[in-house]
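Take a look at the structure below.
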Amino acid sequence: MVGVLASDSIAKASTILGSNRPHGAYIKNFETFRSGGIVPVHAASERGKAQVEANNRLMSDLGVSATPGIYYKDSTGNVKMRLGLPPESELNRILNP
C-alpha cells in the first residue's frame, strides 16, 4: 500500500497498515471512500508509516507514476508493466495467464 494521491494519503495508508486488523481497516476505508475514507489514527499511523514510506520509495524507484502499478509475466514469460486500472478483460488476462 502506498500513499500518493492526496495530502492525507500517507496517514491513511499508514493507519491501515499499522492497524491491529489491517484487512478490516482497508475494507472500512474502501466502504467509506466517497465520504472521505478512514480517519487516520495516530498510534496506528506511527506503526505503519515506515512501511508506507518504503513502498512509496519503491514505487518511485520503479518509475511507477500511477496506481495501481502492476508488474506481471505475459504468456511468453516476459515481464510487463501496466499503469492504472486495466479493463476487467485485461485484468483477468494479467491475473490468469
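Where a ≥ b ≥ c are the square roots of the eigenvalues of the C-alpha gyration tensor, would you call the chain rounded, which needs a/c under 1.5, or, failing that, prolate if a/b is larger than b/c, or oblate?
Numbers: a/c = 2.34, a/b = 1.77, b/c = 1.32.
In terms of gyration-tensor shape, prolate.
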Query raised in the report: aspartates and glutamates near Lys28 by alpha-carbon distance under 17 Å, same-chain residues fewer than 8 away left out - which ones?
Result: Asp8
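Residues with beta-carbon under 13 Å from that of Phe33, excluding Phe33: net charge, scoring Lys, Arg +1 and Asp, Glu -1?
Details: positive: Lys12, Lys28, Arg34; negative: Asp8, Glu31.
Local net charge: +1.
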Query raised in the report: Where does each of 76-82, 56-62 land if you order them by average Cβ count within 10 Å, highest first?
Result: 56-62, 76-82
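Readers should treat all values here as calculations from the given coordinates under stated rules, not as data from a laboratory. From a predicted model like this one, the values you see are computed outputs, not experimental measurements. Positions of Cβ are backbone-derived with ideal geometry, glycine not excepted, and every protein chain shown enters the neighbour counts.
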